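Report on the structure given below.
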Amino acid sequence: MEIENKSEVKFSEEELGKIKEFQQKYLDIQMGYGQIQITRSRLEQQFAGLDDAHDKLNENLVDTQTEERNFIEEINKKYGDGVLNPETGVFTPSDKA
């Protein structure tokens, strides 16, 4: 049905219903985008927290390795080269003298 004159036309209930359906679909899409963005922001915050925890553990690892190296150097100066049985605490000097 073509309209030749340019007077006001009232949409049918079916047409209005279709327009409202499209409006609702767009609102649902916008809501979905918003929910995704909020979830993404929360995940980014969690990742930042994980990165911080990872960095702290890396620092702890490096510090522990340095402490261990220093301790071994001190023990080697005190007892010389050898093997320690950590279960018994017995140190056996190496054959190098």
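Read the figures in this text as sums done on the coordinates, not as results from a lab. Being a predicted model, the structure only gives us computed values, none of them experimental.
Couple of notes before you dig in:
- In terms of overall dimensions, the C-alpha atoms belonging to the chain reach 114, 23, 18 Å along their principal axes, ordered largest to smallest.
- Linear extension gain, Ile19 paired with Thr64, 0.36 nm per residue minus alpha-carbon span: 9.5 nm
- Length gained on full extension, Ile72 to Gln46: 5.5 nm, using 0.36 nm per residue less the C-alpha separation.
- Folded to 0 to 90 degrees: helix 13-79 orientation relative to the chain principal axis, Cα: 10
- Straight Cα distances below 18 angstrom link Lys77 to the aspartates and glutamates Glu67, Glu68, Asp95, with same-chain residues fewer than 8 positions distant left out.
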